[in-house]
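Only the coordinates and a few stated rules stand behind these numbers; no lab work does. Computed from a predicted structure; not experimentally measured. All Cβ positions, glycine included, derive from the backbone under ideal geometry; neighbour counts span all protein chains shown.
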Amino acid sequence: MAKAKAKQERPTPPKKAATKAGDRRADAQPRPAPAVPGAALGIDIGGTGVKAALVDVTTGELLSRRHRVNTPKPSSPDAVIEAVLHVVGLIAAERDLAPDLPVGVGIPGPIKAGKVMTAANIDKRWIGTPAEELLGKALKRRVHAINDADAAGLAEIRFGAGREVAGTVLMLTLGTGIGSGLFVDGQLVPNTEMGHLEWKGRDVELRLSGVAREKRHLRWRAWANEFSAFLARLEILFWPDLIILGGGVSKEMKKYDKWLKSRAPIKPARFLNTSGIVGAAIYASERARAESARPVVLLPVATRADRAAAPGVGRARKA
Ligand code: BGC
């Protein structure tokens, strides 16, 4: 990935590391700033960019710059993992990354037991790829994978437009595809994939995503009318109490919100180009906490005969 061009956004300079007296050579590299408690690494693999930052999961704020490289073409798992290593390397140069730092990665496909199940907007070789395992090996850390729209929704639910909203919240991300994140009283219902509902004979994301709107040369008014009709169908199925719009299209909401219609209120996402990163980091930290909190169950001490009959009995194991 040496050639990958890193685009650094939100240039909040990292705090300067203290320089030891003996270290004052003109060419001395600044040392990364020390690790922060409550931090997690968030990585967002998208159809156009691979982005990452260190995140304060107690506030949703970034603790490092947001680093981005273009998604490699073709976006095979190997090439994308190289890109991930590159952006994580840029963060590591800025901030100490503790060995037990939770690492979350958002991926544009449903994730079951750490594996990517479909790949509509990324190379087909991702289908069936054990993403958590491969990225974990490459980064030499425990990695937790989550669908990208579920991650974006989690950021909004914990710290953004969906914070403390009771009932059913539906997050829709409108970018290359349409992603969905469904939450009931703050709990995620994972992998809802509403972008693949049929709409006028095709997957709705092929007609109404941000990219599809441009391809179809739809003006905002026409797009908003058709999108409102699609929202009406979603409302019949899920009866959300709040709809949050994210992705590129949500940045332009002023241009079309007068034509949007829905029963539930619609709000733009608070996190724009950082929602996937922040949500992936929150997910990893919540999963890591749940894994470490799982009680150790001591099974009854077994005799040699018991063990021969049922190997594993009598040993401590995670519940
Ligand atoms: C994928 C979803 C993803 C969405 C947005 C869809 O094509 O199937 O998993 O969330 O694109 O990236």
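Taking amide H atoms as placed 1.01 Å from N in the peptide plane, the amide H of S64 lies under 5 Å from those of L54, each 5 or more residues away in sequence or on another chain.
Taking the Cβ of K261 as the center, what net charge do the other residues with Cβ under 13 Å away carry, scoring Lys and Arg +1 and Asp and Glu -1?
Net local charge, K261 excluded: +1.
The rule of thumb for compact globular proteins, 2.2 N^0.38 Å, goes into the C-alpha radius of gyration of the stretch 112-200 1.19 times.
Anything over 25 Å Cα to Cα? Flag those among K51/K140; K112/K215; K73/K215; K51/K73; K215/K254, in the order listed.
Long pairs (Cα-Cα over 25 Å): K112/K215.
Residue by residue, the stretch 178-193 carries 3J(HN,Hα) couplings of 10, x, 9, x, 10, 10, 10, 6, x, 9, 6, 9, x, 6, 6, 6 Hz when phi is fed to the Karplus relation 6.51 cos²θ - 1.76 cosθ + 1.60 (θ = phi - 60°); x denotes Gly or Pro. Simple spin-label estimate for D78 and E291 gives 2.7 nm between the two label positions (7 Å along the Cα-to-Cβ direction from each Cα).
Antiparallel DSSP bridges in the stretch 44-88: what percent, to the nearest 5?
Close to 100 percent.
Amide H contacts of A161 (H built 1.01 Å from N, in plane; Pro and chain starts excluded): R270, F271 sit under 5 Å, all sequence-distant by 5 or more or on other chains. Going from the fewest other Cβ atoms within 10 Å to the most, the residues E164, E156 appear in the order E164, E156.
When H217, H144 are sorted by how many other C-beta atoms sit within 10 angstrom of their C-beta, beginning with the fewest, the order is H217, H144.
Each residue in M253, M194 was given a count of other beta-carbon atoms within 10 angstrom of its own, and listing them fewest first yields M253, M194. The stretch 172-247 and the stretch 85-118 have Cα centres lying 26 Å from one another.
Amide H to amide H, with H built 1.01 Å from N, R95 comes under 5 Å of A33, counting only residues 5 or more places away or on other chains. For the stretch 141-276, taking the reciprocal of the average inverse distance between every pair of different Cα atoms yields a Kirkwood hydrodynamic radius of 14.8 Å.
Computed 3J(HN,Hα) for the stretch 79-94, one whole-Hz value per residue from the Karplus formula 6.51 cos²θ - 1.76 cosθ + 1.60 where θ = phi - 60°, is 5, 5, 5, 4, 5, 4, 4, 5, 5, 5, x, 5, 5, 5, 6, 9, glycine and proline marked x.
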